[in-house]
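Submitted below is the structure of interest, expressed as structure tokens.
The values are calculated or read from the model by the stated rules, or taken from the named source; none is laboratory data. Since this is a predicted model, take the numbers as computed values, not measurements. No Cβ is skipped: glycine too gets one built from the backbone with ideal geometry, and neighbour counts run over all protein chains shown. Heavy atoms of the whole protein, side chains included, go into the accessibility calculation; ligands, DNA and RNA do not. Shrake-Rupley method; radii C 1.70, N 1.55, O 1.52, S 1.80 Å.
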Amino acid sequence: MEIADVLRNNEKWVNEKLTKDSEFFKQMAEGQSPSFLFIGCSDSRVTAEAMMGVGPGEVFSHRNISNMAPNNDLNVLSVIYYAVEYLKVPHIIVCGHYGCGGIKAAMLPKDNGLLNPWLRNIRDVYRLHKTELNAIKDEAKRYDRLVELNVYEQVINVIKTKSVQLAISRKEVQVHGWVFDMKTGRIIDQKIDVDQIMNEIMSVYNVID
């Protein structure tokens with residue numbers, strides 16, 4: 001696809017929206033009130049709006065390699081803070097996907113140049129769960145399990161932040177961990193028990209007292 005094709009698609013999209021609702025763009029320009037903060041992977045095959053079946057204004061998104069939420073990344077921390085404190089989103093979703101290139105790269109002991117510091121965050125997840133992962137003999141299954149465990153650890157990273165802890169304590173936000181299976185097109189809710197995580201980590205990471 002060429003740039004000219006994209007611009008033609010944009011014109012077609014605009015005309016379709018205006019045909020259905022002449023006030024569509026006027027209303028969209030007035031502001032946003034999304035229900036979801038979506039922290040996902042930059043992979044071109046994994047788009048929040050498409051998989052969730054939602055439209056413009058419904059999802060506030062942050063995407064990076066392997067859907068990471070490291071607590072020293074001001075980019076993702078700023079997004080979380082803005083989504084919780086200003087947009088008042090009731091749901092935060094961390095969504096990984098099977099077949100993630102970043103996860104695969106982190107599994108292999110090799111130099112990845114500029115990617116090394118970023119992949120180190122994923123390798124830390126591997127280190128934390130090394131016993132479980134190394135017990136999985138099938139490489140593909142071990143790969144899939146690291147995708148799931150990375151979602152789990154990024155959910156924990158989200159919960160470590162002050163704005164999220166406050167919002168959870170006020171029952172204003174719920175945090176979810178998902179994995180998208182590209183082979184089936186389905187979202188798999190990891191059913192992460194956030195209350196249990198809070199009980200386990202708050203003695204160490206509590207920043208709201």
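By the gyration tensor of its Cα atoms, with a ≥ b ≥ c the square roots of the eigenvalues, what is the shape of the range 1-117: rounded for a/c under 1.5, prolate for a/b over b/c, or oblate? Don't skip to the end; give the middle numbers.
Working: a/c = 2.61, a/b = 1.49, b/c = 1.75.
In terms of gyration-tensor shape, oblate.
Skip the ligands, DNA and RNA, and give the accessible area per residue of the range 17-114 with a 1.4 Å probe, whole Å².
I get 52 Å² per residue for the range 17-114.
Okay, moving on. Identify all lysines with a Cα-Cα distance to Lys17 below 24 Å; exclude those on the same chain that are fewer than 8 residues away in sequence.
Leaving aside lysines fewer than 8 places away in the same chain, those within reach of Lys17 are Lys26.
Top to bottom by accessible area (1.4 Å), largest first, where do Asp21, Asp181 land?
Asp21, Asp181
Considering the Cα trace of the range 1-69, what is its radius of gyration and what is Dmax, both in angstroms?
14.3, 40
With a 1.4 Å probe and every protein chain left in place, work out the accessible area per residue of the range 115-191 in Å², rounded to a whole number.
In whole numbers, the range 115-191 has 55 Å² accessible per residue.
Follow-up. In debye, nearest 20: dipole of the range 1-104 around its Cα centre with unit charges on the Cβ of K, R (+) and D, E (-)?
Taking the Cα centre of the range 1-104 as origin, the dipole is about 180 debye.
Now, a different point. Roughly what angle does helix 194-205 make with the longest principal axis of the chain, taking Cα atoms, 0 to 90 degrees, to the nearest 10?
Rounded to the nearest ten degrees, it is 60.
By accessible area of protein heavy atoms, probe 1.4 Å, what ranking do Asp43, Asp209, Asp138 get, highest first?
Asp209, Asp138, Asp43
Given the options Gln154, Gln196, Gln165, which has the most mean-square fluctuation in a GNM of the chain, springs set between C-alpha atoms less than 10 angstrom apart?
Gln196
Using Cα positions and a limit of under 23 Å, work out the lysines in reach of Lys191, with same-chain residues fewer than 8 apart set aside.
Lys88, Lys130, Lys141, Lys160, Lys162, Lys171, Lys183
Jot down the radius of gyration and Dmax of the range 80-135, Cα atoms only, both in angstrom.
According to the Cα coordinates of the range 80-135, Rg and Dmax are 15.3, 44 Å.
Still on this model: For the chain, with only Lys/Arg (+1) and Asp/Glu (-1) charged at the beta-carbon, what is the dipole magnitude about the Cα centre, in debye rounded to 20?
Roughly 440 debye for the chain.
So, one more: Report Rg/Rh for the chain, rounded to two decimals, where Rg is the Cα radius of gyration and Rh the Kirkwood radius.
Result: Rg/Rh = 1.01.
Sticking with this structure for a sec: Would you mind computing, in nm to one decimal, how far apart the modelled labels at Glu2 and Leu108 are, each placed 7 Å from Cα along Cα→Cβ?
Result: 3.5 nm between the two label points.
Angle check, please: helix 139-159 long axis (alpha carbons) against the longest principal axis of the chain (alpha carbons), in degrees 0 to 90, nearest 10.
Approximately 80 degrees, to the nearest ten.
Might you work out the accessible area of Met182 for me, using a 1.4 Å probe with all protein chains in place, and round it to the nearest 10 Å²?
60
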